[in-house]
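What follows is a set of notes on a single structure, which appears directly below.
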Amino acid sequence: MTSAPATIRLTQYAHGGGCACKIPPGELEAVVAGLTHTGPVDPAAELVVGLDDGDDAAVVRIAGGQGLVLTTDFFTPVVDDAYTFGRIAAANALSDVYAMGGTPVVAVNLLGWPRDVLPAELAAEVLRGGLEVAHQAGCHVGGGHSIDDPEPKYGMAVTGVLDLDRVIRNDAAVAGAPLSLTKPLGVGVLNSRMKATGEVSEEAVASMAALNRDASLAALAAGVRAGTDVTGFGLLGHLYKMARASGVTAVVDAAAVPYLAGARQALADGFVSGGTRRNLDWVRPHADLDAVDEGEALLLADAQTSGGLLLAGEVPGAPVIGEFVPRQDAVVVVR
């Protein structure tokens, strides 16, 4: 479905696109370094998961062994079509709840729009796409907030619920657990190609717009208690955070990692974002990458938008791409 004349390409109104626009992981950790292990003197509720290990969402305890899970995510356009941009941004925001093993309940929109540059009708299409995906997830959308912004931006703040006995965290991986990935990589290089040339990968669009709901339910059914989702810091970045927080080493079998069609060609053609290069630079001092060349390492660090779940356990339909082992000198090993 096309929501704008072909002359309007949303990606041309932003300096980057999607989760590749994240503040680099090392820089972000420095910014929030003094904000961990703190809290109010008299808290209204117990914080079960907070900022300490950079997990996907915050969790507070509520009655009946349940947890309230809260997250927010927004970014600049990753595709040119407004309606599709809304769908992808909503799926990406909802993903953090699924990555914790939760069920999204209600969301509010976050919209930045260059109102003197782009027509309001396009903003309405963005919101329509987000609403459709939220409803697909069974999640209410109850309003939100908008500002006049030089760049278009969209996302959601999402609240969900989960069973605290079954919460999925990024610091709970144990040695001996297999490592599964529920969506193929390659979104970043394909989106960089699209931004530069206008060539759309329908496979990448479908992957980004797909909810991680079924993968989350499958993980819970399989008893998985450790995981995260793969977004702007790439597979290597998110895996490094997970293994570091869990006190283990993650071993990745490069040949087992799935990729979207055309991803390797997009890499060969030079469509690598700055965010992907920064991801690799951040992880490299903590990783053993001797078994792969620089191109393969860049693909493993490719900044994903609305990527899949990365899980410590086997999940039906998801390839096993490695395993967790006792901590070695390197926190991540690619073989």
- [ ] Using a Förster distance of 41 angstrom, determine the FRET efficiency expected from the C-beta separation of Ala261 and Leu51, and round it to 0.05.
- [x] 0.65
Open item on the list: Given a 10 angstrom Cα cut-off, can you work out which residue in Glu199, Glu132, Glu314 is the most mobile in a GNM of the chain?
Closed with: Glu199
Task: Rounded to whole Å, sorted largest first: equivalent-ellipsoid semi-axes of the chain, Cα gyration tensor - done: 29, 26, 18
Open item on the list: How much length would be gained if the chain were fully extended between Thr7 and His286, taking 0.36 nm per residue of separation minus their Cα-Cα distance, in nm to one decimal?
Closed with: 96.0 nm
Open item on the list: In the stretch 164-189, whose amide N lies under 20 Å from the spot 7 Å out along Cα-to-Cβ of Ala268? List them in ranges.
Closed with: 185-189
Task: Value of [θ]222 nm, deg cm²/dmol, for the chain, DSSP H segments ≥ 4, -39500 (n - 2.57) each, nearest 500 - done: -9500 deg cm²/dmol
Task: Cα shape, the stretch 56-200, gyration tensor, a/c 1.5 rule - done: oblate
Open item on the list: Between His135 and Val325, what's the calculated FRET efficiency when r is the beta-carbon distance and R0 is 45 Å? Round to 0.05.
Closed with: 0.60
TODO: For the stretch 224-335, state the semi-axes of the equivalent ellipsoid (square roots of 5 times the eigenvalues of the alpha-carbon gyration tensor), sorted largest first and rounded to whole angstrom.
DONE: 21, 16, 13
Task: Computed lengthening from Glu294 to Asp42, 0.36 nm per intervening residue step minus Cα-Cα distance - done: 85.7 nm
Task: Cα gyration tensor, the stretch 110-180 - rounded (a/c under 1.5), prolate or oblate - done: prolate
- [ ] Over the chain, give the accessible area per residue in Å² for a 1.4 Å probe, as an integer.
- [x] 41 Å²
- [ ] Whenever you get a sec, compute what percent of the accessible area on the stretch 204-335 sits on carbon and sulfur atoms (1.4 Å probe).
- [x] 50 percent
Open item on the list: Once the cut-off is 14 Å, how many percent of the Cα-Cα pairs in the stretch 272-335 end up in the long-distance tail?
Closed with: 65 percent
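The values are calculated or read from the model by the stated rules, or taken from the named source; none is laboratory data. These numbers come from a predicted model, not from an experiment. Cβ sites come from the backbone with ideal geometry, for glycine too, and all protein chains shown count toward neighbours. Accessible surface is based on the protein model in full, side chains and every heavy atom, while ligands, DNA and RNA are left aside. Shrake-Rupley method; radii C 1.70, N 1.55, O 1.52, S 1.80 Å.
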